[in-house]
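*Asks:* Mind looking over this structure? Questions follow.
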Amino acid sequence: MNKNILLCGVGGQGTVLASKLIAAAAMKKGLSVMSAETIGMAQRGGSVFSHIRIGDNLHSPMIATGTADILIGFEPGETVRMLPYLKKDGQVIVSSHAIIPVTAVLSNGSYDPEAMLAYLKQTVAHLLVIDTEEACLTLGSSKILNILLLGAAIESGALGLTESEIKDAIKERLPERFHELNFQALNYFHETMPSTFSGSNNTNISGK
């Protein structure tokens, strides 16, 4: 398997943990992995993105512009920001829940998440919009956003890893008291994801 995976969001959403789970699951399969994170303003709610490259002949952890197979967006505006990295016919999986960027708050600027989602729907050929807010309310925690998105990526077939493989990574990296909740999040969209999902534009998943 050769895969370039880009994750993006804002500080506190669990972007880096999600990237580490993907990397750990891939390495356990015996695959070569290179990764890099940018977390400069993470604790202040600033932009965070992770590059994960899986496969042979890897010479750099950074994904080149226009070569990402899949972009997992934890926030609509940050997803739009990272679109130049997506390859033609690449897959985007994005949470519909928006967080006002720090830059907009500090500058008293405006931020319209609906406009960001509309732009994604107009621009991305293979888009999956996930209602993570409803899912977090149902499961009773906002801290499982990252696992919800990983579960959706698995169900879409775009991630190239299985639920079982990510479960094993969760067991190895998270305390046991958090396992059950994260397993529920990982499996949350199993029943509602279209069984023949092809990544067509304007696909919205709201969960159970």
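*Asks:* Along Cα→Cβ, 7 Å out, is where each label goes; now give me the distance between the ones at E134 and L181 in nm to one decimal.
*Replies:* That separation, rounded to one decimal, is 2.2 nm.
*Asks:* Between S142 and L174, 0.36 nm times their residue separation minus their Cα-Cα distance comes to what?
*Replies:* 9.9 nm
*Asks:* Can you run phi through the Karplus equation (6.51, -1.76, 1.60; θ = phi - 60°) for the range 71-81 and list ³J(HN,Hα) in whole Hz, with x for Gly and Pro?
*Replies:* Using θ = phi - 60°, the values come out as 10, 9, x, 7, 8, x, x, 5, 5, 4, 4 Hz.
*Asks:* Kindly identify the range 3-92 as rounded, prolate or oblate by the Cα gyration tensor criterion: order the square roots of the eigenvalues as a ≥ b ≥ c, call it rounded if a/c is under 1.5, otherwise compare a/b with b/c, prolate if a/b is larger, else oblate.
*Replies:* Oblate.
*Asks:* Would you pull out the residues with amide H under 5 Å of H126's amide H, same chain only if 5 or more places away, H placed 1.01 Å from N?
*Replies:* V92
*Asks:* Let a ≥ b ≥ c be the square roots of the eigenvalues of the Cα gyration tensor of the range 124-192; is it rounded (a/c under 1.5), or, if not, prolate (a/b larger than b/c) or oblate?
*Replies:* Oblate.
Values quoted throughout were computed directly from the atomic coordinates according to the rules given, and no laboratory measurement underlies them. Quick caveat: nothing in here was measured; it's all calculated off a predicted structure. Cβ sites come from the backbone with ideal geometry, for glycine too, and all protein chains shown count toward neighbours.
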